[in-house]
Amino acid sequence: MYAIQILLIGWLSRHVHPLRLSLIQFFMTALCSMLVALYLEPISLDAILKSAGSLLFAGVLSTGVAFTIQIIAQRDAASSHAAIIMSLEAVFAVLGGWLLLDEQLGLRGFLGCGLMMTGMLLSQLRRSKA
């Protein structure tokens, strides 16, 4: 599904204004998420108010700004390159948590991040003609 989303965003961003595409994507995601939450989750105004800061940060900065920039950048990037870069999201999240939030990362985690980064870099090297 992630690959389909990358391909669709790559194609749509060339045919629809990126900000409009971003707003449509946010609206549809919010609507679908709200419908599922109303059916499966207990929703209380008190819980929403207590977590308003985190919700706003995640919704506006982490999602709103990041996905909008992704859509704008993906308009001029090959879908294969975008997929490789976005597959490293987990690596950068782990490293950011380790550097900025003092989260613990073991040797196995560092090796995994290193292998993913190495794979991404190797996939971008051009093969020499033999």
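The values are calculated or read from the model by the stated rules, or taken from the named source; none is laboratory data. Please read these numbers as outputs of a predicted model, since none were measured by experiment. Please note: Cβ atoms are built from the backbone with ideal geometry, for glycine as well, and neighbour counts cover all protein chains shown. Keep in mind that these areas ignore ligands, DNA and RNA; they rest on the heavy atoms of the full protein, side chains included. Shrake-Rupley method; radii C 1.70, N 1.55, O 1.52, S 1.80 Å.
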Complete set of residues in the stretch 76-92 that are under 15 Å from G114 (Cα atoms), exposed (fewer than 15 other Cβ atoms within 10 Å of the Cβ) and not hydrophobic (A, V, I, L, M, F, W, C): E89
Check on H15, not β-branched (V, I, T) and not in a helix (DSSP H, G or I): yes
Subset of the stretch 102-126 (residues that are open to solvent by 100 Å² or more (accessible area, probe 1.4 Å), outside any helix (DSSP H, G or I) and more than 26 Å from S62 (Cβ to Cβ)): L125, R126
Residue identified as part of a helix (DSSP H, G or I), in contact (Cβ under 8 Å) with a residue 60 or more places away in the chain and either open to solvent by less than 70 Å² (accessible area, probe 1.4 Å) or not aliphatic (A, V, I, L, M) (or both) among A3, A30, A58, A73: A3
L19 surrounded by 10 or more Cβ atoms within 10 Å (Cβ to Cβ), closer than 21 Å to H81 by Cα and modelled with pLDDT of 85 or more: no
The stretch 76-95, residues that are under 15 Å from W11 (Cα atoms), part of a helix (DSSP H, G or I) and out of contact with any Gly (no Cβ under 8 Å at 6 or more places or on another chain): S80, H81, A83
Residue that is assigned to a helix (DSSP H, G or I), closer than 30 Å to Q124 by Cα, open to solvent by 100 Å² or more (accessible area, probe 1.4 Å) and free of Cβ contacts under 8 Å to residues at least 12 places away in the same chain, where the choices are L99, L49: L99
Pair list, Cβ under 7 Å, 6 or more apart: the stretch 6-22 residue within 13 Å of I69 (Cα to Cα), other residue part of a loop (DSSP other than H, G, I, E, B) and modelled with pLDDT under 85: S13/R75; P18/R75; L21/S13
Candidate set from the stretch 61-70 (those that are open to solvent by 40 Å² or more (accessible area, probe 1.4 Å) and over 10 Å from the mean Cα position of the chain (by Cα)); member that is nearest to A3 (Cα to Cα): I69
Boolean, D46 is within 19 Å of A3 (Cα to Cα) and out of contact with any Cys (no Cβ under 8 Å at 6 or more places or on another chain): no
